[in-house]
Protein chains: 2
Amino acid sequence: MLIKANDPKRKSWLKVEKGCDFPIQNIPFGVFITKDDIITIGTRIGEYAIDLGAFHQLGYFDDVPLTDDMFMQDSLNDFISDGRKTWRLVRNKIAEVFDAENPRLRDNEKHKEIIIFNLEEVEMLLPISVGDYTDFYSSKEHATNVGVMFRGKDNALMPNWLHMPIGYHGRSSSVVVSGTPIRRPYGQSIPKGEETPVFGPTKSLDMEVETAFITTDANNLGEPISIDEAREYIFGMVLLNDWSARDIQKWEYAPLGPFLGKNFASTISPWIVTMDALEPFRCESPKQDLTPLSYLNQKTTNNSFDIKLRATLETENGDINELCKTNFKYLYWSMEQQLAHHSINGCNVRSGDMMGSGTISGPTKNSYGSMLELSWAGKEPITLKDGTTRVFFNDGDKVILKGYCKNDEVSIGFGKCIGKILPAVKPK
Amino acid sequence: MLIKANDPKRKSWLKVEKGCDFPIQNIPFGVFITKDDIITIGTRIGEYAIDLGAFHQLGYFDDVPLTDDMFMQDSLNDFISDGRKTWRLVRNKIAEVFDAENPRLRDNEKHKEIIIFNLEEVEMLLPISVGDYTDFYSSKEHATNVGVMFRGKDNALMPNWLHMPIGYHGRSSSVVVSGTPIRRPYGQSIPKGEETPVFGPTKSLDMEVETAFITTDANNLGEPISIDEAREYIFGMVLLNDWSARDIQKWEYAPLGPFLGKNFASTISPWIVTMDALEPFRCESPKQDLTPLSYLNQKTTNNSFDIKLRATLETENGDINELCKTNFKYLYWSMEQQLAHHSINGCNVRSGDMMGSGTISGPTKNSYGSMLELSWAGKEPITLKDGTTRVFFNDGDKVILKGYCKNDEVSIGFGKCIGKILPAVKPK
């Protein structure tokens, strides 16, 4: 598949540092607010935020069929709803206008002033109004690690795990954009060996290194999405840190699953990187242990993406400590399988729905995507540069996820997904 | 508390049959579409739907401070967001204008033609754009019944159950309004004693007799709602049938809770009955077995409502079979406790969020709120009028929930919450 906007040879007249996540081949979509309090949909090249509302108003989308206010919105939902053809035309046009050889905007200082901002001049907002947020549990390594810790080696994977992408519904209201501080939650937990719960701030605040994909309007209620057409309904991806309070989760989760242990916050990166931009990094998905039921049986095998994921911890003294290096390609269940499974009962999927991968752990110890696994449930505390140790996170810790793809020609990345932990505040 | 619109002596100049759920003391809110394809917010008196958009445009809300388009919307979210003061002023004004003694609209035939519709002339739509849908599990009788069936009498209630209102997140996209047909879902299930799942239409399609409350904007992320202020954020209630496919649920639910076994459809009644209208039916909540943690400890004891709930099954030959008679007042955890618990970790609650009670079962066999309990997991099939039996529902079955409150002076009800089961359609 040839996607014009992906041409690796193209350079932009906007400065892009080597290795930057946002070369002209990326063209992600986000929402930001300017110093003048104008909220707009935008894209990013290098360290510049581009106001697509102004870009459109000034006529640069000339031959692309778009409603007048398509980009003057506080979420991408309507744009995503417009479908793949529009996404492609828009990315292609942006690539064309910002191409180093194209003088049209490059040489129009007045327009550049209206359209282009330094990143520091804008504040990124949540890119979508999240309709439903689903979180899967699709990393075999993660599910196995958790299983070994809690149920022992012999019963590590639940009997259903290899037969379907297990998932559950998360909370949409508390999905926040990178940079939003994370307040340590209060809740109930059960001290070991006790029968009566105690109440207090969580003692086991954890990250979950995930990605999430964002869907467009896919199906009517009652009509499943087939595995073959699922790909058509995925707009793009973000990084996701699905914050977890393990002590709260442990006490509450039987029999209905995680609730308050998760729904206090889920952080996503601000720029949605389109599936089109990620296409050059498509790779083989892991061979599946069992042939799944036909509605999950994918004809293609290159159903994954080589997206390198990193989690680091910045302590209050400014030290950067690497926590883990993992990769999206380790994920056992593909996004198409997740979407086909989610809708096989007729559940309807809409524009702006978000589906998390679940914690992505790799095969090696340094590739585990949660502190629970990295510290092996507290048995192996992690020593930081300043000599302190962590089993879970402390107040003041800043957790930073990064994700990027890289080949000989180009790097495409997600930027950062950041959350700094604030101390708990005693409830009134 | 004196609520003007609740005056039991008031009669309307619109005809209201004795015992009707919608006397002038109810004044619920809903959204409907007229024959002319106009979508509007409305209320109901007797068998009449009242277009509040037109009512407002024609000046009947004269001294109530409202934006011009407050009722010309396809959901109640903005109206609910406006807060209790607005809800009260609006209900009071409607009560005043439709009072039998008030000639203003009564004697204006031209305006009546624009504002008032026979119910059959309009189609009820979903009253809210559901932000997040949470379902609790707050009936002790239901949790105990399920526990006895699956874990035996001695371990019926999970250890956490008496310490907090257990809940989980449901799916917003598949919340549908009464009357929407329910397609029997396909899915995976595990035959007894087998290790490999089978795929097919659910064999155990069940109802859950519930109510749900609808919230207004309540708290910022990170700031819990206190038990004392929780009541302020509840706008009103609806009937809820949380359809469940027990075989799918059973196979998938460990460890993350119900997912495809529930998210294919949840039906709600179209009219949101305000908490103000329900106030005369406030009653004592069940005495709790344990004193809960302080954030759940309510100073008041009259935290429940005497809402009679009925489930009936209409078979295709037109027979109406009573399935159960239960009551909201049996619910162990109050709505305030549910809301305080939901937000104790800082989870933010918005206008248009919906929180289900969980299946409401009472103490006697005929008061169980699900077929699972009524047929005791299939051991005691229910015999219908036509001589057929049911353990779960058949295709063509129409399940009807009703709910109403009644005292010597007035009845206030919810109308019906209906769903007819369509046969499964084989996925492509």
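The values are calculated or read from the model by the stated rules, or taken from the named source; none is laboratory data. In this text the structure is predicted, and so the values were computed from the model without any measurement. Methodologically, a virtual Cβ is constructed for each residue, glycine included, from the backbone with ideal geometry; neighbour enumeration extends over all protein chains shown.
Side notes on the structure shown:
- So residue A:73, is it in contact with a strand residue (DSSP E or B) (Cβ under 7 Å, 6 or more places away or on another chain), polar (S, T, N, Q) and farther than 25 Å from residue A:411 by Cα: yes
- Among the residues of this structure, residue B:131 does not count as one that is surrounded by fewer than 16 Cβ atoms within 10 Å (Cβ to Cβ) and assigned to a loop (DSSP other than H, G, I, E, B).
- Filter result for the condition that a residue is touching a helix residue (DSSP H, G or I) at 6+ places or on another chain (Cβ under 8 Å), surrounded by fewer than 21 Cβ atoms within 10 Å (Cβ to Cβ) and among the aromatic types (Phe, Trp, Tyr), over A:71, A:61, A:29, A:55: A:61
- Any chance residue B:50 is crowded, with 18+ Cβ neighbours inside 10 Å and closer than 24 Å to residue B:413 by Cβ: yes
- Selection within the stretch A:288-335 - of a type in the set (Lys, Arg) and either at pLDDT below 95 or more than 30 Å from residue B:428 (Cβ to Cβ) (or both): A:299, A:308, A:310, A:325
- Residues in the stretch A:300-347 that are free of Cβ contacts under 8 Å to residues at least 40 places away in the same chain and over 28 Å from residue A:387 (Cα atoms): A:300, A:301, A:302, A:303, A:304.
- Candidates are the residues of the stretch B:318-341 that are more than 18 Å from the chain's Cα centre (by Cα) and under 26 Å from residue B:77 (Cβ atoms); the one that is farthest from the other protein chains (Cβ to nearest Cβ) is B:340.
- Note on the stretch A:412-428: among residues that are surrounded by 19 or more Cβ atoms within 10 Å (Cβ to Cβ) and not hydrophobic (A, V, I, L, M, F, W, C), the one that is farthest from the other protein chains (Cβ to nearest Cβ) is A:413.
- Strands (runs of 3 or more DSSP E) wholly inside the stretch A:198-284 containing at least 1 residues that are within 12 Å of chain B (Cβ to nearest Cβ): A:198-201, A:209-215, A:266-268
- Verdict on residue B:288 being away from chain A (no Cβ under 11 Å), in contact with a helix residue (DSSP H, G or I) (Cβ under 9 Å, 6 or more places away or on another chain), in a loop (DSSP other than H, G, I, E, B) and buried (at least 18 other Cβ atoms within 10 Å of the Cβ): no
A quick yes/no check of all residues on (1) surrounded by 24 or more Cβ atoms within 10 Å (Cβ to Cβ); (2) under 19 Å from the mean Cα position of the chain (by Cα):
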residue	(1), (2)
B:203	no, no
B:214	yes, yes
B:218	no, no
B:240	yes, yes
B:243	yes, yes
B:248	yes, no
B:253	no, no
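- Among residues of the stretch B:136-188 being assigned to a strand (DSSP E or B) and of a type in the set (Ser, Thr, Tyr), the one that is farthest from the other protein chains (Cβ to nearest Cβ) is B:186.
- For the stretch A:291-317, the set of residues classified as more than 14 Å from chain B (Cβ to nearest Cβ) and hydroxyl-bearing (Ser, Thr, Tyr) consists of A:300, A:301, A:304, A:312, A:315, listed by residue number.
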